[in-house]
Every structure is written in C-alpha cells, then in structure tokens.
Ligand SMILES: C[S@@+](CC[C@H](N)C(=O)[O-])C[C@H]1O[C@@H](n2cnc3c(N)ncnc32)[C@H](O)[C@@H]1O
C-alpha cells in the first residue's frame with residue numbers, strides 16, 4: 001500500500017485564498033462533526049445493519065486495492081461521499097452496470113435507508129445485492145487516505161453539509177487542505193461533481209476552486225446536468241425555493 005501513497009499532505013497546486021477566506025481556514029481536523037446516529041433504530045433497521053451491511057461493506061483492509069472487492073473487468077471505479085438516503089448512488093449503479101461504485105455515509109439512518117431500498121423485509125441476510133456496489137459506512141476521508149493514487153474515475157459530493165458559519169469553515173469538505181487528497185486519488189481527466197444549494201458554500205467553492213490548479217474548474221450549471229440523478233436533499237432545497245449549483249471539475253492531467 002505504501003508504494004501507492006504519495007502523502008496526502010502535499011500542498012501542491014493550491015494558491016492562497018483571499019484574506020477573508022484565509023481567516024476561516026485552518027487544517028480540517030480528522031473528527032466528524034455531523035450526526036452519525038439519529039433516533040433509536042427500529043428492529044428492521046437493526047437487521048439491515050447486522051445482516052445486510054456486512055454483505056456490502058468494503059472491508060477496510062481492501063481500501064488499498066479496492067477493485068479486488070468487485071467483479072473482474074470493471075470499466076471504471078466511482079466514489080460517492082455522503083450518499084444520504086442513497087437515491088443517487090442506487091440510480092448510478094442501476095444506470096452503469098459496467099462501473100463499480102463505493103458509497104460512503106456516516107449517518108446510520110441514511111445507511112439503513114439505502115439498504116432498505118435494496119432488500120425486502122425478512123430477506124436481509126439472503127436477498128441478492130448489486131455486485132457493483134460497495135459501502136463505506138464511515139468517514140470518507142479515511143477511505144480517501146487509504147485508496148491508491150489515481151484509483152478513481154469519478155467522485156460525487158452532493159449537497160455536503162454546508163457549515164455556513166465562518167468559524168466552522170474548516171469542517172467543509174471542499175477545502176484547500178482537502179484538494180491534494182482528492183486530486184491524488186483521481187485519475188488524470190477524472191470528474192469531480194459537486195452540488196450545493198447553500199449560498200455561503202457556493203461562494204466558498206467558487207473561491208477555493210479558483211485558487212488552485214489541480215482541477216479545471218468551469219463555472220457551475222444552474223440546472224442539474226444530464227446523467228446526474230436527483231437526491232432527496234436537492235428535492236428539499238428546490239421545494240424551499242433555494243437555487244442549487246452543479247459543478248463538474250476535471251482533474252488536470254499533468
Ligand atoms: C446534507 S446531507 C446530503 C446527502 C445526500 N448527498 C443528498 O444530496 O441527499 C450530507 C451527508 O453527508 C454525510 N457526511 C458528512 N461528512 C461525511 C464524511 N466525512 N464521510 C461520509 N459522509 C459524510 C452526512 O452524514 C450527510 O448524510
């Protein structure tokens with residue numbers, strides 16, 4: 001594994017931010033700030049975590065060779081950070097049977113929500129599961145650190161927790177200190193899709209991505225592009241009259 005890892009701390013390719021943004025920036029600590037537990041789990045949810053999750057989970061010791069956890073001959077390997085209820089992840093798996101998807105989520109109720117769409121009640125231990133889907137029920141940053149260089153063809157970050165207060169900026173996933181880590185695991189010309197409906201996060205993404213040269217960073221779309229399945233959080237944002245932006249960043253080849 002060591003041979004693949006070039007040191008996620010490398011800061012190459014990230015230029016200084018404005019004074020205001022710099023004030024908000026501290027290196028993101030490796031602790032999780034969102035919720036990982038909600039209400040007490042119902043028996044069905046407990047069964048899904050106990051009987052179904054182990055059948056889909058990417059074992060931590062396979063993170064250094066993730067393709068080994070999938071059927072041979074995958075065309076591409078994709079990763080989703082913070083899949084929420086799993087709508088986007090499951091739609092991508094159904095639409096792209098030739099692609100392997102690793103989907104990460106820390107919130108137990110979200111993990112149960114994805115699992116419950118796959119498995120009828122009573123068949124938690126036996127229902128067939130999509131061979132091209134693996135779950136990482138843990139902090140996506142841990143997985144990113146363990147993956148080999150250039151192992152991913154696509155990364156999805158859809159409606160990440162916005163942490164709109166300046167003093168919480170260090171918790172944002174799009175962050176100058178995260179970019180070398182994200183860039184390291186993506187192949188040259190790989191795609192990083194990001195969506196956000198939060199005006200502070202939108203301005204932050206634009207500023208952070210215009211101060212780096214690891215990714216080509218075109219202006220965002222104001223309507224969800226083709227081939228980009230909707231999520232529950234997006235539907236909530238649209239109902240509330242918010243205006244999501246959709247970015248497609250490209251990992252520079254050199
Ligand atoms: C606002 S929700 C959006 C969920 C989903 N992408 C959607 O659009 O409906 C953000 C999700 O990211 C998850 N999350 C936050 N930090 C994470 C991390 N470091 N690793 C994995 N998941 C994370 C949260 O638990 C939460 O479910």
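The values are calculated or read from the model by the stated rules, or taken from the named source; none is laboratory data. What you see is a predicted model; the values in this text were computed from it and never measured. Cβ sites come from the backbone with ideal geometry, for glycine too, and all protein chains shown count toward neighbours.
Give the residue that is farthest from the ligand (Cβ to nearest atom), with candidates limited to residues of the range 62-91 that are farther than 20 Å from residue 138 by Cβ and either touching a residue at least 60 places away in the same chain (Cβ under 8 Å) or part of a helix (DSSP H, G or I) (or both).
Among them, the one singled out is 71.
I want to confirm something. Restricting to the range 101-120 and keeping residues that are more than 9 Å from the ligand (Cβ to nearest atom) and assigned to a loop (DSSP other than H, G, I, E, B), which single residue is surrounded by the fewest Cβ atoms within 10 Å (Cβ to Cβ)?
Within the range 101-120, the match that is surrounded by the fewest Cβ atoms within 10 Å (Cβ to Cβ) is 120.
Name the single residue, out of those in the range 136-184 being in contact with a strand residue (DSSP E or B) (Cβ under 6 Å, 6 or more places away or on another chain) and at positive phi, that is farthest from the ligand (Cβ to nearest atom).
Here the answer is 150.
Note down all Cβ pairs under 6 Å where the first residue falls in the range 150-174 and is within 15 Å of residue 203 (Cβ to Cβ), the second is outside any loop (DSSP other than H, G, I, E, B) and within 13 Å of the ligand (Cβ to nearest atom), and they're at least six residues apart or on different chains.
Pairs that qualify, where the first residue is within 15 Å of residue 203 (Cβ to Cβ) and the partner is outside any loop (DSSP other than H, G, I, E, B) and within 13 Å of the ligand (Cβ to nearest atom), are 162/201; 163/171.
From 212, 202, grab the single residue that is surrounded by 15 or more Cβ atoms within 10 Å (Cβ to Cβ), modelled with pLDDT of 95 or more and away from the ligand (no atom under 16 Å from the Cβ). Spell out how you get there, then give the answer.
Values: 202 fails: away from the ligand (no atom under 16 Å from the Cβ).
Answer to the check: 212.
Restricting to the range 148-161, name every residue that is crowded, with 19+ Cβ neighbours inside 10 Å and touching a helix residue (DSSP H, G or I) at 6+ places or on another chain (Cβ under 8 Å).
Answer for the range 148-161, where residues must be crowded, with 19+ Cβ neighbours inside 10 Å and touching a helix residue (DSSP H, G or I) at 6+ places or on another chain (Cβ under 8 Å): 151, 152, 155, 156, 158, 159, 160.
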